[in-house]
Amino acid sequence: MELALLVVAVIAAGLVVVVASRRSAQAALRERLSFGLTPTEGDADADLTAGDYGLRGLRRAGYHTALFLGSWQGRLLVAGVSGTVGGASAVLQGRSLWQALSFAAGCALVGMAVNVMALHRQRVRRERAIRRELPDVLEMLAAIMEGGIAFDAALQHVVRDSNLRHPLYFELSVMLEAMRRGRRRHEALRLFGKRCNLRQVAEVVAGLTQADQSGASIADVLRHHAQTLFREYEAEVQRRAERLPIRMFAPMLLTILPAMFIVTALPSFLRIVRVMESIIQSR
């Protein structure tokens, strides 16, 4: 009976998610029809601004999965599945109904927390990869342009000899594709900054856009931003190194200090115990 109630609750939650998703899709379709069937100016670059542009296979499926899990429908689904698994395991162990419901609620909260932490970790990993590689890319572009090659050709050379599975090089390939489709350089740079969504990239895009409009040397701007980012990365590494002794205190307290106590103090302690035993026996 208790298991049947849990199954009914899960089915009801699934129906709520399905109904909400269908209403959202209908609202989006109604909004599109209200503006007419002819594409607007923003629809011309919809394929470039979309987050799944250029992704194939598992990468595209992973992007849409992460996008769904980041929505409230995905979080509700994760909570429902986690709660169902927890409640079913509690029922199978012979727990009471209230204990099963409490355990199901706890599992649902844990599932939602794990989902949020996993998505946050994925986003942080992507941003960190872009920040680490950006100074090298800017330095490489500046060196190529100082050899007499234009910005577009230098960018094409960098993208051709890079791994497109890296997020930064992938976004650069999208920017290069935008310029091939007839976009102006500042529009492609703005698209690059929008897709990366990072402060460092936004500063580089602003500097390159200003240099492009004023006729200044793009190579000098690239080298200046590369040196600035190198200094920022060096300062970040130094801050991490300064915090390292504090972070190492707990592992040392739990691992190294007990071993040192066993090696140094234990023989003396055993000797004292033996002396005390001999004194007690002599009396």
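What the table below lists for this structure:
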item: Within the accessible area of segment 145-238 (1.4 Å probe), percent carbon and sulfur; result: 48
item: Per residue convex hull volume, Cα atoms of segment 142-241, in Å³; result: 113
item: Burial ranking of peptide ranges 204-212, 238-246 (average Cβ count within 10 Å, highest at the top); result: 204-212, 238-246
item: Per residue convex hull volume, Cα atoms of segment 127-169, in Å³; result: 57
item: Derived scalar couplings ³J(HN,Hα) [segment 183-192; Karplus, 6.51 cos²θ - 1.76 cosθ + 1.60; whole Hz; x for Gly, Pro]; result: 5, 6, 5, 5, 5, 5, 5, 5, 5, 4
item: Distance in nm between pseudo-label sites at A250 and A216 (7 Å out along the Cβ direction from Cα); result: 4.6
item: Relative packing of peptides 140-150, 79-89, 271-281, 215-225 - highest average C-beta neighbours within 10 Å first; result: 79-89, 215-225, 140-150, 271-281
item: S89 paired with E146, simple spin-label distance in nm, labels 7 Å along Cα-to-beta-carbon; result: 5.9
item: Fully extended contour minus Cα-Cα distance, from H120 to Q238, at 0.36 nm per residue; result: 40.0 nm
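The values are calculated or read from the model by the stated rules, or taken from the named source; none is laboratory data. Only a predicted model underlies this, so the values are computations on that prediction, with no experimental measurement involved. Positions of Cβ are generated from backbone atoms using ideal geometry, with glycine treated the same way; all protein chains shown enter the neighbour counts. The area values use the complete protein model at the heavy-atom level, side chains included, leaving out ligands, DNA and RNA. Shrake-Rupley method; radii C 1.70, N 1.55, O 1.52, S 1.80 Å.
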